[in-house]
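Student: Structure provided below as structure tokens; questions to follow.
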Amino acid sequence: MSMNMIEIERALKQLRLSGVRATLETRLIESQASNLSFIETFSALLQDELDRRQSRLLERRYQLSGLAERASLAEFDWGYNPKIPKRTCFELHTLKFIAECDSALLIGQPGTGKSHIAKAIAYSALRSGLREPVPFRRTPRSEKRYPRPAGSVACDEPETGRRWITRGCSRRYSLAE
């Protein structure tokens, strides 16, 4: 049974294949102009659908994240403050520290780029599919829950940062006993 374009559009809408719907006509013209096989055209349409779904998923995650901007380390002005450890920032950006249940604490004077770096790391986590920045586990001796160290904090005052670390460690280890 053959379908016309209106019926195909309706079927794609019913199947919720918005990526295919959006690019079908363009792909058909491209296929005819380049003499592409059915498999090549079909795989391009499938890739369009996958790209569209990935894009929409990322957009939903971003909306739910509460991040104010999509920061990246690529747009960071490294020349502004050459004391910032560029290699360490890019290592944090890989999110390896989260997989290892470590923490990252960014401490420094105001205006040095800590917030931008933290936002870039958070956006990287969002793109990689992490949903909960601070997972929880139960202690064996207590039913109290405490966060595992899997996150990052940006702090403008070194003394405040030291207090946060001391307070967080003291609380954490007192809960673990």
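The values are calculated or read from the model by the stated rules, or taken from the named source; none is laboratory data. As the structure is a prediction and not an experimental result, all values here were calculated from the model. Every residue, glycine among them, receives a Cβ derived from its backbone with ideal geometry; neighbour counts consider all protein chains shown.
Student: List, please: which pairs have Cβ atoms under 7 Å, are six or more places apart or on different chains, and start with a residue in segment 67-91 that is in the same structural domain as Ile121 (by TED's automatic domain parsing) and of a type in the set (Gly, Ala, Ser) and end with one that is surrounded by 12 or more Cβ atoms within 10 Å (Cβ to Cβ) and in a loop (DSSP other than H, G, I, E, B)?
Tutor: From residues that are in the same structural domain as Ile121 (by TED's automatic domain parsing) and of a type in the set (Gly, Ala, Ser), there are no pairs.
Student: Considering only residues that are small (Gly, Ala, Ser) and touching a helix residue (DSSP H, G or I) at 6+ places or on another chain (Cβ under 6 Å), which ones fall in segment 61-94? Give the steps one after another, and end with the answer.
Tutor: Quick first cut of segment 61-94, residues small (Gly, Ala, Ser) only: 65-66, 68, 71-72, 74, 79.
Answer for segment 61-94, where residues must be small (Gly, Ala, Ser) and touching a helix residue (DSSP H, G or I) at 6+ places or on another chain (Cβ under 6 Å): Ser65, Ala71, Ser72.
Student: Let me ask something else. In the set Glu69, Glu49, which member is of a type in the set (Asp, Glu) and under 15 Å from Lys114 (Cα atoms)?
Tutor: Glu69
Student: Given the options Asp102, Asp77, Asp156, name the one that is at pLDDT 85 or above and charged (D, E, K, R).
Tutor: On the way: Asp102 fails: at pLDDT 85 or above; Asp156 fails: at pLDDT 85 or above.
Testing whether each residue is at pLDDT 85 or above and charged (D, E, K, R) leaves just Asp77.
Student: Moving on to the next point. Go through segment 88-131 and count every residue that is touching a Lys or Arg at 6+ places or on another chain (Cβ under 7 Å) and assigned to a loop (DSSP other than H, G, I, E, B). Can you show your working first?
Tutor: Our first condition is that a residue be touching a Lys or Arg at 6+ places or on another chain (Cβ under 7 Å); within segment 88-131, this holds for 101, 106, 108, 123, 126.
In the following step, the residues that additionally are assigned to a loop (DSSP other than H, G, I, E, B) were identified as 101, 108.
Qualifying residue count, segment 88-131: 2.
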